[in-house]
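Here's the structure, in structure tokens; my notes come after.
The values are calculated or read from the model by the stated rules, or taken from the named source; none is laboratory data. Worth saying up front: this structure is predicted, and the values here are computed from it rather than measured. Neighbour counts are summed over all protein chains in view; Cβ atoms, including those assigned to glycine, are modelled from backbone coordinates with ideal geometry. The area values use the complete protein model at the heavy-atom level, side chains included, leaving out ligands, DNA and RNA. Shrake-Rupley method; radii C 1.70, N 1.55, O 1.52, S 1.80 Å.
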Amino acid sequence: MSDSPQVVVVGSCMTDLISYVPTLPKPGETLHGTQFAVGFGGKGANQAVAAAKLGTPTGLVGKLGTDAFGDNYMGNLKSVGINVCHVGRVDGPSGVATITVDSNAENCIVIVGGANNKLTPDDITDAKDMLGSARVVVFQMEIPLETTLAALKLIKSINPACNTIFNAAPAVKELPTELYPLVDVFCVNESEAEVLLGIESITSVSDAESAVKVLKSRGCQVAMVTLGGNGVVYLDEAGVVTHVPCNKVAAVDTTGAGDAFIGALASLMSRNGKFLAFREKVRLSCAVASESVTRKGTQSSYPEKEFLDNLLKDMSCYTRIPGETTVPC
């Protein structure tokens, strides 16, 4: 466990209860499943585990209940080397996610926040030292929004060199206007962008390009929309729109793939010394996410450090590309 995490995630822990079925059930329908599994999830912890498994010193600020799910989860976080000094325990149940995965690797998820809903601004104050020394801090929408805002404001006041990543998931219709300027990289998938922007559908790269322009106009430094198998579209600080495609793979389970992407991006953005252009960090993060969907499970599907190291070895250059906008480490 690192005493000084480079990546800190402020977010949720959920125990995943996963059922594999031929097709997703219709309202009122009962199906025979083919397999059941219990795993570790929650967007915050997923992103922390993804970064940690890639070899990045990582910490988590979160809450677990006093039930068996909480006990098991704490053991899981420690087993992958995550700093858990600011993962608290509160009376009551831990967070739970009920997940159904069909034969096409599509899923539907219901989350019950439990202890995650008890993460407060006071917990952020307690984690001030960890947040003040981090290079990248990551957020999502599975903890109280007031807690996220408190953390973003604190980081910008005590650690302005830190890069913040905000993954606006699960989807919400509206966010406070004060949040956007506090965020360096604002990331949503296509369905989340549809809800947040109030538009009918995002089905193409062109649609995503329009969406990132609207998101960036709200004040974030980089606006990003992930498109699953079609890669990522982002609008950078210089106003340049870029589409980064991803490799096609035979998907088995897409659960947590977006979190694998965010965790990998945080890992790559936290690195000192020579560093990749932001486009390359996005491309490598897509590769990590693509690899994760070829395996069942959530955190258990995330690649290890060796996978990313091999990708880096295959690259012709591990330096900044002249003339291309980057997000500094």
Anchor residue 53: lysines whose Cα lies under 20 Å away (excluding residues fewer than 8 positions away in-chain): 43, 78, 281, 296, 305, 313
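Averaging sequence separations of C-alpha pairs under 8 Å and six or more residues apart, then dividing by the length of the chain, give the relative contact order as a whole percent. Spell out each step's value before the answer.
Working: 767 pairs, mean separation 56.8, N = 329.
Dividing the mean separation by the residue count of the chain yields 17 percent.
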Virtual spin-label span in nm between residue 133 and residue 305, 7 Å along Cα→Cβ: 1.9 nm
Cut-off under 5 Å, modelled amide H: who pairs with residue 222 long-range: 185, 186
Per-pair calculated FRET efficiency, R0 = 25 Å: residue 91 and residue 38 via Cβ, rounded to 0.05: 0.65
Residue 171-residue 213 pseudo-label distance in nm [points 7 Å out on the Cα-to-Cβ vector]: 2.2 nm
Residue 55 long-range amide H proximity, modeled H, under 5 Å: 305
Per-residue [θ]222 nm for the chain (sum of -39500 (n - 2.57) over DSSP H runs n ≥ 4, rounded to 500): -10000 deg cm²/dmol
Rounded to whole Hz, the Karplus (6.51, -1.76, 1.60) HN-Hα couplings of the range 285-292, x for glycine and proline: 5, 4, 5, 4, 5, 4, 5, 5
Partner aspartates and glutamates for residue 156 [C-alpha distance under 16 Å; skip if fewer than 8 residues away on the same chain]: 129, 146, 178, 184
GNM top mover of 285, 206, 300 - the chain, alpha-carbon springs below 10 Å: 206
Gaussian network model of the chain, Cα within-10 Å springs - most flexible of 63, 213, 173: 173
Paramagnetic label zone (point 7 Å from Cα along Cα-to-C-beta, residue 106; backbone N under 13 Å) in the range 230-274: 254
Residues of the range 37-75 with amide N under 14 Å of a point placed 7 Å along Cα→Cβ from residue 295: 40, 49-55
Dipole-positive endmost among 104, 242, 21 within the chain (Cβ charges, Cα centre): 242
Paired Rg and Dmax values of the chain, which use every Cα atom, in angstrom: 18.5, 57
GNM top mover of 262, 111, 155 - the chain, alpha-carbon springs below 10 Å: 111
Residue-wise HN-Hα coupling along the range 120-135, computed from phi with Karplus coefficients 6.51, -1.76, 1.60 (Hz; x: Gly, Pro): 10, x, 5, 5, 5, 4, 4, 9, 4, 5, 5, 5, x, 10, 6, 8
Label point at residue 238 placed 7 Å out along Cα→Cβ; residues across the range 261-300 whose backbone nitrogen lies under 15 Å: 276-281
Contour minus Cα-Cα distance for residue 250 and residue 26 (0.36 nm per residue): 78.1 nm
Spin-label model distance (nm) - residue 156 vs residue 191, 7 Å beyond Cα toward Cβ: 3.1 nm
Solvent-accessible surface (1.4 angstrom probe) belonging to residue 69, in square angstrom, nearest 10: 70 Å²
